[in-house]
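The values are calculated or read from the model by the stated rules, or taken from the named source; none is laboratory data. All values reported here derive from a predicted model rather than from experimental measurement. Don't worry about glycine lacking a Cβ; one is built from the backbone with ideal geometry, like all the others, and counts go over all protein chains shown.
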Amino acid sequence: MKKLNILILLLSVVMLACERDDICAEGVSTTPRLLIEFYDINNPDDLKSVPRISVYGEGRVVDENGTPTEPTTENSEGTLLFNENSTTVSLPLIVDLDNNDVITTRYILEKDTNLRLDEDDTTQSDVDIIEITYTTNFIYVSRACGYKSVFNNLDIDLEPVDGDTWINNIELVTTEIENENSAHVRILH
Amino acid sequence: MKIQHTYVFCIRSLIILLLLSSFAYSQEENETVTDTLIYKQKYGLRLGADMSKLARTFFEDNYTGFEIMGDYRLTKKIYLAGEIGNEERTLENEVLNNTTKGSYFKGGIDLNFYKNWLDMENMIYIGFRGGASTFSQTLNSFKIYDVNHQYWNDDLFAVEEGTEFSGLTAIWLEILIGIKAELFNNFYAGINAQLKGLITETAPGNYENLYIPGFNRTFDSGRFGVGFGFNLSYLVPIFKKDKVIIQEKESDE
């Protein structure tokens with residue numbers, strides 16, 4: 001009888017050990033974002049914050065009719081940064097099919113957002129668009145997290161909206177985005 | 001008169017001494033008796049099937065499988081034991097949908113630690129097994145985990161086309177603890193719990209073995225696996241051996 005009790009105990013321990021482990025833990029490195037740091041064009045080793053910058057994906061900020069617009073408040077949906085001084089920004093990239101096709105994600109970087117927001121119509125913000133192109137590669141992580149995507153063959157083009165650009169130069173630190181440990185891109189201004 | 005008296009005394013004391021010593025001697029002789037009982041023990045091949053796997057096949061959508069088990073009694077305590085089976089298991093969570101199919105074989109010994117009463121032939125045993133499996137995994141669909149996916153898409157990006165990884169193998173060792181009890185003549189029921197340690201596996205590139213037939217599901221944290229079984233089996237008696245029990249009993253007198 002005693003031996004049977006021990007057996008039942010053992011069985012229940014085995015049952016209890018079968019916990020759910022299909023929830024992806026927060027600390028696990030999954031699909032990375034594109035990390036950009038802003039540097040001083042005159043002093044390329046020094047970080048320099050961009051005054052009153054707003055960052056949002058092209059077409060992500062929409063008005064009530066669904067047409068793309070510019071963010072007007074901090075709470076505008078789709079705004080990554082709004083009207084703040086920042087030396088860095090992290091951009092989520094669109095994940096698409098893994099068939100070696102080049103994927104494009106476009107972001108709007110607006111400097112001096114306060115000049116657009118204020119009453120004075122003579123001064124305006126400076127809007128630049130960056131076009132990020134890359135290919136995806138899917139890497140297995142774990143049973144709980146499934147796969148992540150890393151990004152290869154990174155390239156960034158600058159598209160001035162109104163003739164003059166506040167961005168002077170874009171330097172790629174790497175063309176492979178595998179994690180978020182360090183910046184992938186330096187923007188000089 | 002005096003001499004006669006001494007004579008009588010001598011003879012008397014001699015008789016008493018003899019009596020006493022003979023009494024003591026007989027005491028020693030009759031203290032214990034040995035009693036020998038002989039029971040016939042059946043030796044043979046016990047064949048059975050795992051009922052839990054059959055039940056899961058009927059009641060679980062994601063599982064199909066069976067296992068045939070057998071053991072052969074070598075000595076009073078040692079049994080040669082093995083299992084052979086086939087399983088198909090689909091694991092599904094938020095990011096993966098995977099089907100594993102394959103067969104396995106396990107072989108080893110069972111050691112009976114239960115001291116049976118009289119002519120009973122039940123078992124409480126510890127078993128040791130080596131296991132091997134060949135299988136294939138089909139990744140039916142998967143999702144790209146991205147905590148920031150909602151910025152561009154409401155849903156995680158999903159790849160629906162299946163990929164089959166075939167020719168996979170695994171080898172493991174197993175310790176199990178269980179009981180087998182004779183329900184009625186030659187018909188046994190048993191339960192056991194298994195702890196497994198993976199020795200080697202061939203895992204697909206850019207993926208892993210989520211489930212191994214016979215080993216059951218793998219864990220992220222290590223190379224261990226667990227399992228249990230509930231089996232019904234029938235003993236085909238081949239020969240009989242005497243089980244001799246020597247009992248020592250104290251005599252009443």
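Tabulated data
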{"quantity": "B:PHE113 vs. criteria in contact with a helix residue (DSSP H, G or I) (Cβ under 9 Å, 6 or more places away or on another chain), surrounded by fewer than 17 Cβ atoms within 10 Å (Cβ to Cβ), within 11 Å of another protein chain (Cβ to nearest Cβ) and at pLDDT below 90", "calculated": "yes"}
{"quantity": "Hey, B:PHE157 facing another protein chain (nearest Cβ under 8 Å), in contact (Cβ under 8 Å) with a residue 12 or more places away in the chain and over 19 Å from B:ASN209 (Cα atoms) or not", "calculated": "yes"}
{"quantity": "All positions within segment A:46-74 that are of a type in the set (Ser, Thr, Tyr) and surrounded by fewer than 19 Cβ atoms within 10 Å (Cβ to Cβ)", "calculated": "A:SER49, A:THR67, A:THR69, A:THR72, A:THR73"}
{"quantity": "Qualifying position, being under 20 Å from B:TYR63 (Cα atoms), at pLDDT 90 or above, touching a strand residue (DSSP E or B) at 6+ places or on another chain (Cβ under 8 Å) and not β-branched (Val, Ile, Thr), among B:PHE187, B:PHE215", "calculated": "B:PHE215"}
{"quantity": "Residue list for segment B:203-232, filter: among the β-branched types (Val, Ile, Thr) and not in a loop (DSSP other than H, G, I, E, B)", "calculated": "B:ILE212, B:VAL226"}
{"quantity": "Residue, farthest from B:LYS115 (Cα to Cα), within segment B:49-89, restricted to residues that are out of contact with any Pro (no Cβ under 8 Å at 6 or more places or on another chain) and of a type in the set (Gly, Ala, Ser)", "calculated": "B:ALA55"}
{"quantity": "Check on A:LEU35, modelled with pLDDT under 80, outside any loop (DSSP other than H, G, I, E, B), surrounded by 14 or more Cβ atoms within 10 Å (Cβ to Cβ) and out of contact with any Cys (no Cβ under 7 Å at 6 or more places or on another chain)", "calculated": "no"}
{"quantity": "Check on B:THR163, within 14 Å of chain A (Cβ to nearest Cβ), of a type in the set (Val, Ile, Thr) and more than 30 Å from A:ARG60 (Cβ to Cβ)", "calculated": "yes"}
{"quantity": "Segment A:114-158, residues that are more than 30 Å from B:ASN209 (Cα to Cα), at pLDDT 85 or above and not charged (D, E, K, R)", "calculated": "A:VAL127, A:ILE129, A:ILE130, A:ILE132, A:THR133, A:TYR134, A:ASN153, A:LEU154, A:ILE156, A:LEU158"}
{"quantity": "3 or more residues of a type in the set (Ser, Thr, Tyr): qualifying strands (runs of 3 or more DSSP E) within segment A:75-189", "calculated": "A:103-111, A:126-142"}
{"quantity": "Residues satisfying the stated conditions in segment A:136-165, i.e. on the phi < 0 side of the Ramachandran plot and more than 14 Å from chain B (Cβ to nearest Cβ)", "calculated": "A:ASN152, A:LEU154, A:ASP155, A:ILE156, A:ASP157, A:LEU158, A:GLU159, A:PRO160, A:VAL161, A:ASP162, A:ASP164, A:THR165"}
{"quantity": "Unmet criterion (only one of (1) crowded, with 22+ Cβ neighbours inside 10 Å; (2) facing another protein chain (nearest Cβ under 10 Å); (3) in a strand (DSSP E or B)) for B:ASP146", "calculated": "(3)"}
{"quantity": "Given (1) modelled with pLDDT under 90; (2) out of contact with any Gly (no Cβ under 8 Å at 6 or more places or on another chain); (3) crowded, with 20+ Cβ neighbours inside 10 Å, number of the condition A:GLU77 does not satisfy", "calculated": "(3)"}
{"quantity": "Failed condition for B:ILE126, given (1) within 12 Å of chain A (Cβ to nearest Cβ); (2) closer than 30 Å to B:ILE68 by Cβ; (3) outside any strand (DSSP E or B)", "calculated": "(3)"}
{"quantity": "Given (1) part of a strand (DSSP E or B); (2) at pLDDT below 90; (3) in contact with a Pro (Cβ under 8 Å, 6 or more places away or on another chain), number of the condition B:LEU168 does not satisfy", "calculated": "(2)"}
{"quantity": "Residue selected from segment B:209-231 under the condition more than 28 Å from B:ILE179 (Cα to Cα) and buried (at least 16 other Cβ atoms within 10 Å of the Cβ), by the criterion nearest to the other protein chains (Cβ to nearest Cβ)", "calculated": "B:LEU210"}
{"quantity": "Given (1) within 11 Å of chain B (Cβ to nearest Cβ); (2) at pLDDT 75 or above; (3) crowded, with 16+ Cβ neighbours inside 10 Å, index of the condition A:LEU7 fails", "calculated": "(2)"}
{"quantity": "Flag for B:LEU118 being away from chain A (no Cβ under 14 Å) and outside any loop (DSSP other than H, G, I, E, B)", "calculated": "no"}
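Here is a yes/no grid of residues against (1) more than 19 Å from B:SER233 (Cβ to Cβ); (2) more than 14 Å from every other protein chain (Cβ to nearest Cβ); (3) among the acidic types (Asp, Glu):
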site	(1), (2), (3)
B:ARG73	no, yes, no
B:GLU87	yes, yes, yes
B:THR90	yes, no, no
B:GLU94	yes, no, yes
B:THR100	yes, no, no
B:SER103	yes, yes, no
